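Each remark here refers to the structure printed beneath this line.
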Amino acid sequence: MTISNLGETVTLCGWVQKSRDLGGMTFIDIRDRYGITQLVFNMDDDQDLCKAARNLGREFVISATGMVVERSNKNLKIPTGEIEIKMTGLNVLNAAKLPPFLIEDETDGGDDLRMKYRYLDLRRNPVRNNMVLRHKMAQAVRRYLDAKDFIEVETPVLIKSTPEGARDFVVPSRMNPGEFYALPQSPQTFKQLLMVSGFDRYFQIVKCFRDEDLRADRQPEFTQIDCEMSFIEQEDILNVFEGLIRTLFKEIKGIDLPEVPRMQYSDAMRLYGSDKPDTRFGMQFTELNDVVKGKDFAVFDNAELVVGINAKGCAGYTRKQMDELTDFIRRPQIGGTGLIYMRHNEDGSLKSSVDKFYDEASLKLWAQAFNTEPGDLVLIMAGQKDKVRKQLNELRLEMGTRLGLRDKNTFSALWVLDFPLLEWDEESNRYHAMHHPFTSPKPEDIDMLDTAPGEVRANAYDMVINGTEIGGGSIRIHDRELQSLMFRHLGFSAEEAQKQFGFLMDAFEFGAPPHGGIAFGFDRLCSIFAGLDSIRDVIAFPKNNSGRDVMIDSPATIDQKQMNELKIRSVL
Ligand code: ASP
């Protein structure tokens, strides 16, 4: 309802947001999906109606009829703010108990309470807007992929486990006592089979399930935009899906995302210490082994890697600020031991925390390596290569945050390419597939599978936005022999491989086309678009950090009769 409806008689249905009783007049704000409209009840016009209005409580469901009139006291902040409805009829469709928290943009409800009454939380504008955004994004994804001839195919939810690295959720089968289905961690094998079937271009916006220990902001069930294509090379996948992401930015946020730059995995690790660098800001790593070794400073001399960053404009950091940074890198989650620094003071002088070992001439070489200017602060860490890179990555992100370089409304996307095929797992003492076992090695690296498995690169790629991995995929193996070889390197016996993946390897013998694909984390993508830190806020009914739905109180025990039917004996 807006000013263009002046003079019309209208009926509005919705919830009572709030009421104000001024004696002769009663004002009710009615809320529906589209916003808030002011209803006016006048004692002089209709006493009974006015009295009925006074009895309305918050969140009562009403149907209200009246004439659209111009408001004397306009509120130009809301679309309905120029009008009000002069009431002639009111129907209470349902009374409501006082809600346990305010149904307003800023609510007084804590997290737990809002989750317990999520259906009320979803009445609030910010939460509902997130759901609307999610809907729009899903529609835009479908439009884009449909226009590119992808077809959406539903794959089963009750399947057999697919090894994607996480634990499966399992479902007991009543008809097959002692046997279990697994819920898909992703539709990986099915989408590959669809390629063998000749579907050519597949997608699905699909629920996936992973029974992982819940780290912050993980949900046991989440949604992927899952895609697969045949007769393509990596370049085709990158182009089609870069197009998808750029289209989403354009259609949903009106942002022209520039062409997405590409970076080798090895460069990402060397320059950012991370396979998902936040490229909203520079502050790339500078390696210093050649510059600092051989000056009797044991910490540097004994380190595999000495590496640092230039925090521009931070030379004036106080003692306290420096201590904060040292405490930061020493936190157990980060595990750094020490931080060495050099200030490039405003007067041009160079001052380091290890002046005992490094004279002015040496520090000049540091300054050169980091390309410092007066006012800059160089932060250096040393240690075992992989560890120190990870630690410096955390420090770089922290400095980015401190310097305000990680604005939520700035978007920087990146393709990270050529991931290692295999990753050594300390716990099981063997190699695991870094992406999944169906990922193809780079043909030129296959020979190294026997000699240097850790060096073999995969035809695998991730898309990263603002330091978050939002999608990943690979060109697949489509040949039985190579797939068997891969399983062998992953420690599967021929029998195990046949038992678990015989269906896929058999399919490869019936004319499997070359194929590859990608999956995007849809919840994560939505949360980035919404400027939110958590994916919970873009999920209608999320679970809490212990994997519980506190609204329906799940998971829950089942009764003995169900247990008996499933031939499960109580373990309690
Ligand atoms: N199935 C993979 C995943 O869930 C994505 C892919 O390789 O397409 O990460």
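The values are calculated or read from the model by the stated rules, or taken from the named source; none is laboratory data. Being a predicted model, the structure only gives us computed values, none of them experimental. Heads up, the Cβs are rebuilt from the backbone with ideal geometry, glycines too, and the neighbour counts pull from every protein chain shown.
Per-structure values
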quantity	calculated
Test result for GLU154, within 15 Å of the ligand (Cβ to nearest atom), over 30 Å from GLN17 (Cβ atoms) and acidic (Asp, Glu)	no
Among the candidates THR80, THR65, residue that is at pLDDT below 95 and surrounded by 15 or more Cβ atoms within 10 Å (Cβ to Cβ)	THR80
Helices (runs of 4 or more DSSP H) (entirely within region 435-546) containing at least 2 residues that are out of contact with any Gly (no Cβ under 6 Å at 6 or more places or on another chain) and more than 30 Å from PRO258 (Cβ to Cβ)	448-451, 480-489, 494-508
Residues located in region 174-183, provided they are modelled with pLDDT under 95 and either of a type in the set (Gly, Ala, Ser) or within 16 Å of the ligand (Cβ to nearest atom) (or both)	GLY178
Count of region 346-366 residues which are over 13 Å from PHE297 (Cβ atoms) and surrounded by fewer than 18 Cβ atoms within 10 Å (Cβ to Cβ)	9
Considering residues of region 475-534 that are among the hydroxyl-bearing types (Ser, Thr, Tyr) and touching an Asp or Glu at 6+ places or on another chain (Cβ under 8 Å) only, the residue nearest to the ligand (Cβ to nearest atom)	SER527
Top-ranked residue in region 416-434 [being in a strand (DSSP E or B) and surrounded by 20 or more Cβ atoms within 10 Å (Cβ to Cβ); ranked as nearest to the ligand (Cβ to nearest atom)]	ALA433
Subset tally (residues that are closer than 21 Å to ASN545 by Cα and buried (at least 17 other Cβ atoms within 10 Å of the Cβ)) for region 118-132	5
Residue within region 205-227 that is free of Cβ contacts under 8 Å to residues at least 40 places away in the same chain, more than 13 Å from the ligand (Cβ to nearest atom) and touching a Pro at 6+ places or on another chain (Cβ under 9 Å) present	no
Any hit, region 252-269, residues being farther than 16 Å from GLU394 by Cβ, out of contact with any strand residue (DSSP E or B) (no Cβ under 8 Å at 6 or more places or on another chain) and β-branched (Val, Ile, Thr)	yes
Scope region 7-39; condition over 45 Å from the mean Cα position of the chain (by Cα), closer than 18 Å to ASN73 by Cα and touching a residue at least 40 places away in the same chain (Cβ under 8 Å); matching residues	GLY7
Test for ASP111: is it surrounded by fewer than 17 Cβ atoms within 10 Å (Cβ to Cβ), at pLDDT below 95 and either among the aliphatic types (A, V, I, L, M) or closer than 24 Å to PRO126 by Cα (or both)	yes
Positions within region 283-303 being part of a loop (DSSP other than H, G, I, E, B) and exposed (fewer than 13 other Cβ atoms within 10 Å of the Cβ), in sequence order	GLY294, ASP296, ASN302
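Results for (1) surrounded by fewer than 14 Cβ atoms within 10 Å (Cβ to Cβ); (2) of a type outside the set (Val, Ile, Thr), shown as yes or no for each residue.
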site	(1), (2)
ALA138	no, yes
TYR144	no, yes
THR155	no, no
SER173	no, yes
GLY198	yes, yes
